[in-house]
Amino acid sequence: MIFYVDFQDKSAKFERRKPINTILTMYGKFQKYLQDELKAIDEAGLYKRERNIASPQSAEITLQDGSKALNFCANNYLGLADDKRLAEAAKMAMDARGYGMSSVRFICGTQDIHKDLEKAISEYFHTEDAILYAACFDANGGVFEPLFTAEDAIISDSLNHASIIDGVRLCKAQRFRYANADMADLEAQLQAAQACRHRIIVTDGVFSMDGNVAPMDKICDLAEKYDALVMVDESHSAGVVGPTGHGVAEQFNCYGRIDIFTGTLGKAFGGAVGGFTTGRKEIIDMLRQRSRPYLFSNSIPPMIAGAALEMFKMLGESDALHDKLVENVNYFRDKMMAAGFDIKPTQSAICAVMLYDAPLSQKFAAKMAEEGIFVTGFYYPVVPKGQARIRVQLSAAHERAHLDKAIAAFIKVGKELGVLK
Ligand SMILES: *Cc1c(COP(=O)(O)O)cnc(C)c1O
């Protein structure tokens, strides 16, 4: 007998299960295992807690308890996260094209504005085509497997983002790793990979812990010498580095020498959500055929496509936000160095204040929070052993008074903790 469920039968009641004594079930054992692991994470000081913000993301934020803080740990590099014009564009797109797409791109999840946005991304990066993803994590997760096989080689910077590492894991290509931005090591790895059919060098544009920039000109030179493709993830660099903030390709004048760019709409580009891959026509074409996060995951909503289009329009009209960001970075770095702090030579909007001591980095960040300044303390395993630091992220949303308040707090806490004499 075939039993059909009557979806309309609202009278159908399911017998509620009684709570089961979890100790006697499989979950009881698993629960104990998780509890022990979580305790170990907490005891190692690595337990992540969230900050609950009850205002828009901005330079100055209000927390759930009503207190205010200055935010120096968002990726809001151009200060667009609470931009009125972008919010307005998002509302207009929602009015005109609805709330959601309820589809992957290739079935029925593409609107005119999705295509327009892909075109705007290609124009921004001077490439032939672009493909949207729900996030850059997906762009990186879906870029290698469709393009490379066991006959090929992926040569990856040791400090590349987790999503690149995961993307490479999903692909059968041979893996080579070079020390961060170390061109001698890259050359050695290229030599080791010469027997492979195709080679690709993969790097972040800006590395998120030191704020250093990948030497794209030298990477492209080596790629030409050893016949390799080049891919750069511009997530922390687009909108930030280069004379007009167009990223590392602009900074090193490498247009035409980079085959694949990936990036996010979640950092400088408005901070909402969304990612993309852009580059040579056939590469993007192949991703549309075979890239799994594109084929099997939902389309970005119309409001994001509409607002992102407006964002590229805004950046095309004026470099003022980028100019202000650069001014803020220079001001902050110079004042902090003059105060006696040990600053990594930043080439981006990321400024690493070196403390070298893990507990000190946590104490420092906590005391800064008491002063109303949000910064992040990082230590091993996020950064190498003995390289603990405070990471500061500057934004065009910061006004001079915000920067001065943060610098004054750094000096106060630095003296209290004996970092400054
Ligand atoms: C933030 C970041 C990502 C992830 O971007 P999402 O769009 O938030 O998924 C990928 N790569 C790099 C280098 C990043 O910094």
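The values are calculated or read from the model by the stated rules, or taken from the named source; none is laboratory data. Predicted model only: the values in this text are computed from it and were never measured. Backbone-built Cβ (ideal geometry, glycine too); neighbour counts: all protein chains shown.
Figures for the structure shown
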item: Single residue of the range 240-271 satisfying the filter (surrounded by fewer than 21 Cβ atoms within 10 Å (Cβ to Cβ) and more than 18 Å from residue 348 (Cβ to Cβ)) that is nearest to the ligand (Cβ to nearest atom); result: 259
item: Odd one out for residue 291 among (1) within 16 Å of the ligand (Cβ to nearest atom); (2) under 23 Å from residue 85 (Cα atoms); (3) buried (at least 23 other Cβ atoms within 10 Å of the Cβ); result: (2)
item: Listing of helices (runs of 4 or more DSSP H) fully contained in the range 215-330 that carry 1 or more residues being more than 19 Å from residue 137 (Cα to Cα); result: 216-225, 248-251, 281-290, 302-317
item: Filter pass, residue 79 being exposed (fewer than 13 other Cβ atoms within 10 Å of the Cβ) and not in a helix (DSSP H, G or I); result: no
item: Residue in the range 143-163 that is in a loop (DSSP other than H, G, I, E, B), of a type in the set (A, V, I, L, M), within 14 Å of the ligand (Cβ to nearest atom) and under 30 Å from residue 317 (Cα atoms) present; result: no
item: Within the range 155-170, tally of residues that are within 17 Å of residue 190 (Cα to Cα) and acidic (Asp, Glu); result: 1
item: Qualifying residue in the range 117-130 (condition: within 16 Å of the ligand (Cβ to nearest atom), surrounded by fewer than 23 Cβ atoms within 10 Å (Cβ to Cβ) and in a loop (DSSP other than H, G, I, E, B)); result: no
item: Scan of the range 199-226 for residues that are free of Cβ contacts under 8 Å to residues at least 40 places away in the same chain, within 16 Å of the ligand (Cβ to nearest atom) and among the hydroxyl-bearing types (Ser, Thr, Tyr), ordered by number; result: none
item: Residue pairs meeting the criteria (Cβ under 9 Å; at least 6 apart or on separate chains; first in the same structural domain as residue 128 (by TED's automatic domain parsing), in the range 255-269; second buried (at least 24 other Cβ atoms within 10 Å of the Cβ) and acidic (Asp, Glu)); result: 261/233; 261/234; 262/233; 262/234; 263/233; 263/234; 264/233; 264/234
